[in-house]
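Student: My questions all concern the structure below.
Throughout, read-outs are computed from the coordinates displayed, never taken from laboratory work. Treat the numbers as computed from the prediction; the structure is a model and nothing was measured. Here the Cβ is made from the backbone with ideal geometry for all residues, glycine too, and neighbour counts use every protein chain on show.
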Amino acid sequence: MEAIKIIRNILLSLFILLFASGLDITAQAQSDDEEPSLHVGGAVRYNMLLSTYESDIDANSSQFTFDTWRINILYDNPGGIGLNFEYRFYPTFGTHFIKQGWLEYNFSENVQGQLGATQVPFGNLQYNSHNWWFSLPYYVGLEDDHDMGFKLTKSTDNWQWDFAYFFQAEPEGPVGGSGSFGVGGSGRYSYDVVPNGNTPLTERNQFNVRGAYQLSNGEIGGSVQYGQLYNSAQDDFRGQYAAAIHADLNSGNFNIMPQFLYYSMDATNASGNEVSTAFMGAYGIPYQVSTDAWIATLGLAYSYDVEWGPVTNLNFYNDFSYMQNTVGEGTTTLADGTTLSLDDNFQSTIQNITGFLVSAGPVYTYFDIAQGVNQPWLTDSFGVGVGPGHEDLGIGDSEYNIRFNINVGFYF
């Protein structure tokens with residue numbers, strides 16, 4: 001805890017030094033045409049899929065589901081405190097939860113503060129992908145993650161800086177249509193470490209620093225993250241960290257997003273012994289994730305404007321992700337108590353999404369061919385892949401699985 005206090009004091013000092021020159025509260029005086037505004041909106045989405053995984057195609061391989069519906073509230077108050085709030089309902093998974101919810105204040109034209117369930121400033125923002133599936137960092141809590149804390153953003157002609165402190169993960173929603181709200185469970189939008197099995201771990205005291213150099217055609221930058229894993233059985237705090245380099249660049253109608261990241265967790269079980277996986281959860285379903293891995297992603301998209309009745313744009317893309325778990329060879333213990341003897345590291349995970357987005361007024365439709373090897377959602381053995389793979393666990397070969405997915409969303 002002493003180390004956390006030191007780091008917190010250093011970051012607070014950095015906040016003061018970096019932002020003092022930009023804080024000009026008097027600059028926020030409202031003009032006559034800057035009145036507060038309130039917008040209430042949301043979305044309704046449907047999902048159609050056909051999957052071919054390890055087993056043969058049968059009647060359960062195709063589905064047509066009510067994906068989600070959500071409520072958005074945006075209160076814009078120039079010169080005052082604003083609000084950005086989103087709550088989501090997922091009938092298929094029997095859960096609902098806060099996706100984001102923060103208060104914001106503009107200290108000056110180039111300095112903004114946010115307090116509440118706000119996005120973690122890490123990697124390419126807002127997303128590191130173009131498709132409906134995201135990229136592999138999302139499935140280990142490192143893309144479009146939201147946690148409870150505060151964030152300061154400072155923009156200049158050449159840089160955007162984000163500094164944040166998060167006390168804990170965002171609030172949990174009920175799972176399976178019942179349950180109570182709390183922090184630490186898997187009824188949530190973004191993946192976080194959750195207590196499950198023999199590992200009573202939750203996320204605490206996380207610090208983030210992100211810097212991105214602004215170019216005429218995009219940005220290039222780096223991110224670092226350091227936090228704690230709290231073991232409630234041992235009343236013990238251990239560290240976890242991640243670092244990334246990333247870019248988001250445009251050339252004509254093309255967009256390219258490369259990113260390389262590494263993360264590591266010092267995870268322990270209820271007895272205080274180190275484990276090579278931790279449980280992470282979202283949408284009410286936890287699974288095991290490697291405590292040490294690097295991930296490389298590359299997204300490429302081409303946007304093409306059309307005039308086809310209500311259709312105004314087609315966005316073609318391919319998003320590739322590769323994850324190499326770097327848990328060492330030998331005997332290792334998993335978060336669920338399983339002991340494995342490995343000749344090498346956990347098997348790698350591959351994800352590739354090829355598709356296109358059709359924009360037609362308020363309707364956005366994703367047509368995706370999702371392909372994966374040891375991808376936790378693209379398998380009959382849900383959750384296998386971003387920790388031990390199929391062959392590591394002795395449940396079969398690591399096959400190349402495919403899912404054709406259409407997601408139709410009406411946004412208002």
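Student: In this structure, is SER398 polar (S, T, N, Q), over 24 Å from TRP133 (Cβ atoms) and not in a helix (DSSP H, G or I)? Explain how you work it out, then say what you get.
Tutor: Numbers: polar (S, T, N, Q): yes; over 24 Å from TRP133 (Cβ atoms): no; not in a helix (DSSP H, G or I): yes.
No: the conditions fail for SER398.
Student: Continuing with the same structure: Pick from the range 103-149 the residues that are aliphatic (A, V, I, L, M) and within 11 Å of the chain's Cα centre (by Cα): which of them is farthest from ASP192 (Cα to Cα)?
Tutor: Initially, the range 103-149 is screened for residues aliphatic (A, V, I, L, M), giving 103, 111, 115, 117, 120, 125, 136, 140, 142, 148.
With within 11 Å of the chain's Cα centre (by Cα) added as a condition, the list becomes 120, 125, 136, 140, 142.
Working: VAL120: 12, LEU125: 18, LEU136: 14, VAL140: 8, LEU142: 9 Å.
My answer is LEU125.
Student: Can you confirm whether the range 253-269 contains a residue that is without any contact (Cβ under 8 Å) to a residue 24 or more places away in the chain, loosely packed, with under 15 Cβ neighbours inside 10 Å and outside any strand (DSSP E or B)? Spell out how you get there, then give the answer.
Tutor: The first filter runs over the range 253-269 and keeps only residues without any contact (Cβ under 8 Å) to a residue 24 or more places away in the chain, leaving none.
Looking through the range 253-269, none of the residues is without any contact (Cβ under 8 Å) to a residue 24 or more places away in the chain, loosely packed, with under 15 Cβ neighbours inside 10 Å and outside any strand (DSSP E or B).
Student: Sticking with this one: Return the pairs, sorted by first residue and then second, in which the second residue is of a type in the set (S, T, N, Q) and assigned to a strand (DSSP E or B), the first residue lies in the range 71-94 and is closer than 21 Å to ASN47 by Cα, the beta carbons are less than 6 Å apart, and the residues are 6+ apart or on different chains.
Tutor: As it stands, the answer is GLU86/ASN72; GLU86/GLN100; ARG88/THR68; TYR90/THR68; THR92/THR65, since those pairs meet every condition given.
Student: If I filter the range 353-412 down to residues being farther than 24 Å from THR291 by Cα and touching an Asp or Glu at 6+ places or on another chain (Cβ under 6 Å), which single residue comes out as surrounded by the fewest Cβ atoms within 10 Å (Cβ to Cβ)?
Tutor: ASN405
Student: A further question follows. Taking ALA43 as meeting all but one of (1) more than 25 Å from GLU170 (Cβ to Cβ); (2) among the small types (Gly, Ala, Ser); (3) surrounded by 15 or more Cβ atoms within 10 Å (Cβ to Cβ), write down the number of the exception.
Tutor: (1)
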